[in-house]
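Asks: Got a structure here, written out as structure tokens. Questions coming.
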Amino acid sequence: MATRDSVDQLMQQCEDALRFAQEQYQDGRTQEHYNDIDYTQALTYLENAYNDLVTLAHSANAEQREQLHRMRLQLQQLQNQMIITPH
């Protein structure tokens with residue numbers, strides 16, 4: 001079973017990844033190809049956070065799984081936006 005601390009720590013990691021990715025997404029939309037390395041790194045952070053969520057969800061209780069699922073949807077949505085937006 002996942003501990004509350006492990007879930008909280010992962011949620012913080014995901015929020016950090018989302019924050020960084022949102023900054024890169026905004027920069028990518030305005031500056032286009034100026035900062036490809038950070039843009040790609042942001043996508044990598046989102047993917048890693050997503051994979052960690054999936055892994056932790058296997059040992060989480062129902063309430064934790066719901067919280068992880070909502071975060072996973074946020075990660076996926078931003079990741080999809082970043083992929084389809086020409087930068």
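Asks: Identify the single condition in (1) farther than 20 Å from ALA2 by Cβ; (2) under 16 Å from the mean Cα position of the chain (by Cα) that VAL54 does not satisfy, given that it satisfies every other one.
Replies: Here VAL54 clears every test but (1).
Asks: Quick check on this structure: which one of GLU32, GLU47, GLU15, GLU66 is over 15 Å from the mean Cα position of the chain (by Cα), modelled with pLDDT of 95 or more and in a helix (DSSP H, G or I)?
Replies: GLU66
Asks: Suppose we filter segment 1-34 for residues that are farther than 17 Å from HIS69 by Cα, surrounded by fewer than 16 Cβ atoms within 10 Å (Cβ to Cβ) and in contact with a helix residue (DSSP H, G or I) (Cβ under 7 Å, 6 or more places away or on another chain); how many remain?
Replies: Number of matching residues: 2.
Asks: Which of the residues that make up segment 44-56 are of a type in the set (A, V, I, L, M) and surrounded by 18 or more Cβ atoms within 10 Å (Cβ to Cβ)?
Replies: The answer is LEU46, ALA49, LEU53, LEU56.
Asks: Please count how many residues of segment 42-66 are over 10 Å from ALA17 (Cβ atoms) and out of contact with any helix residue (DSSP H, G or I) (no Cβ under 7 Å at 6 or more places or on another chain).
Replies: Of the residues in that region, 9 qualify.
The values are calculated or read from the model by the stated rules, or taken from the named source; none is laboratory data. Owing to the predicted nature of the structure, the values given are computational and were not obtained by experimental measurement. Using ideal geometry, Cβ is built from the backbone for each residue, glycine included, and neighbour counts are taken over all protein chains shown.
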